[in-house]
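Structure, as structure tokens:
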Amino acid sequence: MDHAFIGCTKGAPEGDALRRLGFIEGSGNTHPGQGTANRRFFFENFMLELLWISNPVEVLSERTRHTRLWDRCERQDRDVSPFGIIFGASSAQPSPAPYPTWDYAPEYLPPGLAMQIAEGTTLYEPELFYLPLLHRVENRSSEPRLHAVPIGRIRALSVGVRRRTEMSMASRSAESHGLLSYFDSPRPLLELVFEGPAGLPIDFRPDLPLVFRSASPDSLQPHVRR
């Protein structure tokens, strides 16, 4: 697991909720040809991306529209998941994704490099991306990672979905391989679990469908949510 995005409104003003609690914002960027831009918050081993549509023509182009970025940012149905989860390779000899994928080669990636996107997922579960060479092309050492809230390593990621019984085979496979977990939730919710003294969650709702939860190393399994 490398990073995750949350589809937001233009400019991602929702991200101000993190800043108010002392999270230090890192650099943002744009995605030429894809029609999206972001605000980013960095942690020791993870990045949280707040993504929005900056160019509707590009995001709805023949190259990009199948990514469903438009659907996840410009949600017409509150049950649509605004999340995308991006996995990278853990070694220089990457293994294939544990589910069928299709290749997406946006203009901003180096020639010959493509994202692999899971086939068969619905809009009611997160989009699953795999970039086998991600560990070679990303360098975040210069980004701020010391926040007022003492969050270092993200140890687990769980996604709340309303229709868990209808999840795709790709999502079920990702969960069975321990890449992430899912739980029942009346609305889409992203839960990031970080190692630390157990305590109350940091809940960003209603600004963002996001919760940070601390857990000791021996208690990192998802708990019961409300």
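The values are calculated or read from the model by the stated rules, or taken from the named source; none is laboratory data. Owing to the predicted nature of the structure, the values given are computational and were not obtained by experimental measurement. Neighbour counts run over all protein chains shown; Cβ positions are idealised from the backbone, glycine included. Keep in mind that these areas ignore ligands, DNA and RNA; they rest on the heavy atoms of the full protein, side chains included. Shrake-Rupley method; radii C 1.70, N 1.55, O 1.52, S 1.80 Å.
Things to note:
- Residues listed by number, the range 87-101, amide nitrogen under 19 Å from Leu113 label point at 7 Å toward C-beta: 87-97
- Averaging the sequence gap over all C-alpha pairs within less than 8 Å and six or more residues apart, then dividing by the number of residues, gives the range 1-127 a relative contact order of 27 percent.
- Relative to the globular-protein estimate of 2.2 N^0.38 Å, the Cα radius of gyration of the range 1-52 stands at 1.10.
- Cα-based convex hull volume of the range 1-113 per residue, rounded to whole Å³: 135
- Considering the range 68-174 at the alpha-carbon level, its Rg and Dmax are found to be 15.6, 42 Å.
- Using a cutoff of 8 angstrom between alpha carbon atoms and counting only pairs six or more residues apart, the relative contact order for the range 4-71 works out to 33 percent.
- Measuring nothing but alpha carbons in the range 51-123 and taking Rh as the Kirkwood radius, the Rg to Rh ratio lands at 0.98.
- Diffusion constant of the chain at 25 °C, which comes from Stokes-Einstein with the Kirkwood Cα-pair radius and 0.890 mPa s, µm²/s: 137
- Evaluating 6.51 cos²θ - 1.76 cosθ + 1.60 at θ = phi - 60° for every residue in the range 127-133, the Karplus couplings come out as 6, 10, 10, 9, 10, x, 9 Hz, glycine and proline recorded as x.
- Label sites at Leu123 and Phe183, each approximated as a point 7 angstrom past Cα along Cα to Cβ, lie 2.7 nm apart.
- Gaussian network model of the chain, Cα within-10 Å springs - most flexible of Arg39, Arg20, Arg155: Arg20
- Sorted largest first by accessible area at a 1.4 angstrom probe radius, with every protein chain in place, the residues Trp52, Trp70 fall in the order Trp70, Trp52.
- Checking every one of the GluC sites (Glu not before Pro) in the range 94-136 against DSSP loop status and a limit of 15 other Cβ atoms within 10 Å picks out Glu107, Glu119.
- Set of the range 160-187 residues, backbone N closer than 20 Å to the point 7 Å along the Cα-Cβ line of Ser95: 169-182
- When each of the peptides 176-188, 7-19 is scored by how many other beta carbons lie within 10 Å of its residues on average, the order from highest to lowest is 7-19, 176-188.
- Estimated [θ] at 222 nm from DSSP helical runs (n ≥ 4, -39500 (n - 2.57)) normalised by residues in the chain, nearest 500: -2500 deg cm²/dmol
- Each Cα pair under 8 Å and six or more residues apart adds its sequence gap; the mean of these over the residue count of the chain is a relative contact order of 19 percent.
- GNM remark for the chain: springs join alpha carbons under 10 Å apart, and the peak mean-square fluctuation among Met169, Met115, Met47 falls on Met169.
- Antiparallel %, DSSP beta bridges [both residues in the range 1-57], to 5: 65
- Total formal charge among the other residues, if their Cβ is under 10 angstrom from that of Gly152, Lys/Arg +1 and Asp/Glu -1: +1
- Fraction of beta bridges assigned by DSSP in the chain that are antiparallel (%, nearest 5): 60
- When the Gaussian network model of the chain links Cα atoms closer than 10 Å, the mean-square fluctuations of Leu21, Leu131, Leu208 top out at Leu21.
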